[in-house]
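Reviewing the structure listed below.
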Amino acid sequence: MRTLKLRDERHIETLLGRMTLTEKLGQLTMMAASHTVTGPVITGHSTDDIRAGRIGNLLNLIGAAAAREMQRIAVEESRLAIPLLIGLDVIHGHRTLFPVPLAEVALFDSEAWALTAREAAREAAADGINMAFAPMLDVSRDPRWGRIVEGPGESPWVGRKLAEAKVRGFQGADLAAADSVAAVAKHFCGYGAVTAGREYASVDVSERTLLEVHVPPFAAAVSCGVAAVMPAFTDLAGIPMTANAHMLRGRLRRELGFEGVLVSDYNSIAELIQHGVAADLVEAAALALRAGVDVDMVSGAYLQGLPPALERGLVSLAEIDESVRRVLALKARLGLFEDPYRRGTVAESAATVTERRRLARDIAARSIVLLTNRDDALPLAAGVRRLALIGPLADAPAEMRGPWWCAAQPDAQVSVLAGMRAALPRSQVLHASGVDIAGDDDSGIAAALEVCDGADAVVLCLGEAATMSGEAASRAHPGLPGRQRELAEAVLQRAGARAIPVIGVLFCGRPLVVPWLAQRAGALLAAWFPGCEAGHALAEILTGRTSPSGRTPVTWPRAVGQIPIYFGHRNTGRPTDPTGPFASRYIDESNEPLFPFGHGLTYGRFTLSNLRLAPERAAASATVEIRVDVANESGRRAEETVFLFARRLQSRVAPPVLELHGVGKIALDPGTRATLTLHLPVAELSSLGPDLAPALEPGVVEILVGPSAERASLLTGHLQVVAA
Ligand code: BGC
């Protein structure tokens, strides 16, 4: 973390010495403007309150002029001239939307993750924003939970890498720079494990699971100097995170060494009353402050509740001062005291914006996952004359944004229809939606079938509306909503009878449970929500100009009853026996996922061979070089992704059947081969012992390398871990 200049430290102490209690609480308060709505609307910001020092921070304010005016009021019309933190949910871009986070994770490319955060930060900062409520680092193994779309997916290793890349991207080399914003790692901790995938529900995971799965991404963010952290809405084993002193002051601050600002989630301090742990705003405010929450987002609990809490001795002035100091220190680190207007003053050039859209297209194309390609239905034949785009997502530009569209305009996104028409100017690209995304009206199916007749190929654009994933969007039936299945089955039947290939494209913020579609479509793509360049990106893939390279960062279940399903499960004492009784399996469904973690086809055909490790015996201080030969046996250039897993064969604590430790990528021309090298620092193989302390146990570790977490696809080697 950037250390404060002596001058800033003095300034902060001088300010603290001059502040009234109200002004201090103003610094600990963040109120919502109403330019975008991200929670129950409680109050608009009041400029008089900023003048009076009762509001020291804002969120949901969009536009450079508005941000500048609020900063002006704060620094020119309030008594102590303290600038504002201005925060926004810059989740996957600000005005230029990149694919939703889960889609971007499918790139498995840290540099790309950092780059999109950098671009989002530049664009948001040009609008006067100085704090992004991102990255979201909640590992989740439950596709019912709508917020799985916002985060790293199921792997804590991916969560760590994502945290590092995003913090670097948002905060840049210098947090004070005009194009840097403070990152907010959220939501600490365990939110991804809400009971039954139901939004805001209780979390009750073991201490081990917390430490193995949910904390590591936050630990990584803290190590990279993340400016702020947001506690989750949820309770953890009965203690709401907003009041969880053990987790916030203990684990996050003391153990992980986090010195930045803790910003509450939206209204979550007042919600301590609903949780049932506080009688009123006074108790709620006291609980949150004592737990270490510095900034109250919109609940007004600190402003109203802390003065009486102070009088009753529930909190001390020293605790309030400690939080104020942290908020002011962040403002100093952001360079706001030097120049409160450095962000939002210089408009971006048209060339910058065009370049950013180009990046958005590239990232979107790379995020698309080819789930199946039976009979090589993709790419479309070069001479395709007539293409039928069917389904409610084919001409739905606004939906391409996905949830958390920030400042992006609904009409600024390219639909599939527009993208395909641009890509195939000499072909006839016809369209019929058939049904709506949701709802019961199937009267358009017949007309859609007619559009399919005579087509060379049908592209079925199906899935969720943008608002069906994200916050407050849990689904008990995470399949195709409305009458889309009826549409798809009718199209599959009609086209099947005429031998017309049908390509399914899923727009979704989560894995969808669609085994029937995977089985019957000629090819199936997960396009997720691709962002502003959706149609162009998809056209690249469908036409074969770009080979798909995205890999799913979450396991796709074949039945809701399999959830939670993930590659890092433990073996059990009675592991899967597909036929026998008394095994850890379902009697009415296979244990196998629809698609394993890491799955994703390309237009190439890759084989992996000759796995070798050097050295094969190593101690904690060593790094093992793992090499594998990759050959592209197809007639097309494509990029292969190779995952590096490990499995400790024996350990004091039952080890997971696979642990991810690395990812490599290699692009190969047709008929060529090359060697891919991955590096495994042996210390990474340490695990939490029975006492939850990290330890590297000597013994044999299987090293597994391959294109996905599907066991049969992995090459295996052995590493002998020896004591130092
Ligand atoms: C969400 C946060 C978000 C905040 C501010 C809350 O409802 O849980 O992720 O940052 O709103 O918009």
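Residue by residue, here is whether (1) open to solvent by 20 Å² or more (accessible area, probe 1.4 Å); (2) assigned to a loop (DSSP other than H, G, I, E, B) holds:
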site	(1), (2)
620	yes, yes
630	no, no
636	yes, yes
639	yes, no
642	no, no
651	yes, yes
654	yes, yes
Original post:
Within the range 177-184, is there a residue that is outside any loop (DSSP other than H, G, I, E, B) and not aliphatic (A, V, I, L, M)?
Top reply: no
Original post:
Can you tell me which residue in the range 692-724 is farthest from residue 616 (Cα to Cα), limited to those that are charged (D, E, K, R) and out of contact with any Pro (no Cβ under 8 Å at 6 or more places or on another chain)?
Top reply: 711
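Let's see how each residue does on (1) touching an Asp or Glu at 6+ places or on another chain (Cβ under 9 Å); (2) under 25 Å from residue 551 (Cα atoms):
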{"residue": "363", "(1), (2)": "yes, yes"}
{"residue": "367", "(1), (2)": "yes, yes"}
{"residue": "376", "(1), (2)": "no, yes"}
{"residue": "389", "(1), (2)": "yes, yes"}
{"residue": "397", "(1), (2)": "yes, yes"}
{"residue": "424", "(1), (2)": "no, no"}
{"residue": "432", "(1), (2)": "yes, no"}
Original post:
Within the range 658-691, how many residues turn out to be among the charged types (D, E, K, R) and not in a strand (DSSP E or B)?
Top reply: 3
**OP:** Scan the range 433-488 for residues that are surrounded by 18 or more Cβ atoms within 10 Å (Cβ to Cβ) and over 32 Å from the mean Cα position of the chain (by Cα) and report the count.
**Re:** 7
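Listed residues 607, 602, 572, 546; which is under 23 Å from residue 523 (Cβ atoms), more than 28 Å from the chain's Cα centre (by Cα) and touching a residue at least 12 places away in the same chain (Cβ under 8 Å)?
607
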Original post:
Which numbered condition trips up residue 60, out of (1) within 16 Å of the ligand (Cβ to nearest atom); (2) at pLDDT 95 or above; (3) farther than 30 Å from residue 14 by Cα?
Top reply: (2)
Original post:
Do we find that residue 636 is in contact (Cβ under 8 Å) with a residue 12 or more places away in the chain, charged (D, E, K, R) and in contact with a strand residue (DSSP E or B) (Cβ under 6 Å, 6 or more places away or on another chain) in this structure?
Top reply: no
Original post:
Quick one: what pairs do we get from the range 146-165, first residue part of a loop (DSSP other than H, G, I, E, B) and modelled with pLDDT of 95 or more, second away from the ligand (no atom under 13 Å from the Cβ) and hydroxyl-bearing (Ser, Thr, Tyr), C-beta under 6 Å, 6+ apart or different chains?
Top reply: 154/566
Original post:
If the Cβ limit is 6 Å and pairs must be 6+ apart or interchain, which residue in the range 230-259 that is within 16 Å of the ligand (Cβ to nearest atom) pairs with which residue that is acidic (Asp, Glu)?
Top reply: 230/265; 233/265
**OP:** Considering every residue within the range 179-192, establish whether at least one is farther than 29 Å from residue 37 by Cβ, modelled with pLDDT of 95 or more and open to solvent by 10 Å² or more (accessible area, probe 1.4 Å).
**Re:** no
Original post:
Which one of 580, 535, 598, 531 is open to solvent by less than 60 Å² (accessible area, probe 1.4 Å), touching a Phe, Trp or Tyr at 6+ places or on another chain (Cβ under 6 Å) and farther than 20 Å from residue 708 by Cβ?
Top reply: 531
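Based on what the data block shows, is residue 554 buried (at least 24 other Cβ atoms within 10 Å of the Cβ) and out of contact with any Pro (no Cβ under 9 Å at 6 or more places or on another chain)?
Numbers: buried (at least 24 other Cβ atoms within 10 Å of the Cβ): yes; out of contact with any Pro (no Cβ under 9 Å at 6 or more places or on another chain): no.
Judged against the criteria, residue 554 is not a match.
Just to be sure before I move on: is residue 372 touching a strand residue (DSSP E or B) at 6+ places or on another chain (Cβ under 9 Å), surrounded by fewer than 24 Cβ atoms within 10 Å (Cβ to Cβ), of a type in the set (Ser, Thr, Tyr) and not in a helix (DSSP H, G or I) in the structure I sent?
Yes: the conditions hold for residue 372.
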**OP:** Please identify the pairs in which a residue from the range 177-190 that is closer than 20 Å to residue 215 by Cα and within 11 Å of the ligand (Cβ to nearest atom) has its Cβ atom under 8 Å from the Cβ atom of a residue that is among the acidic types (Asp, Glu) and modelled with pLDDT of 95 or more, counting only partners at least 6 apart or on another chain.
**Re:** 186/138; 186/265; 187/138; 187/265
Subject >> Qualifying residues in the range 32-57 (those that are within 30 Å of residue 467 (Cβ to Cβ) and modelled with pLDDT of 95 or more) - the one nearest to the ligand (Cβ to nearest atom) >> reply: 57
Original post:
Among the candidates 712, 723, which residue alone is exposed (fewer than 14 other Cβ atoms within 10 Å of the Cβ) and either in contact with a His (Cβ under 8 Å, 6 or more places away or on another chain) or not in a loop (DSSP other than H, G, I, E, B) (or both)?
Top reply: 712
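The values are calculated or read from the model by the stated rules, or taken from the named source; none is laboratory data. Note that the structure is predicted; figures quoted are calculated from it, not measured. Cβ coordinates were reconstructed from backbone atoms using ideal geometry, including for glycine residues, and neighbour counts include every protein chain displayed. With ligands, DNA and RNA removed, areas are computed over all heavy atoms of the protein, side chains included. Shrake-Rupley method; radii C 1.70, N 1.55, O 1.52, S 1.80 Å.
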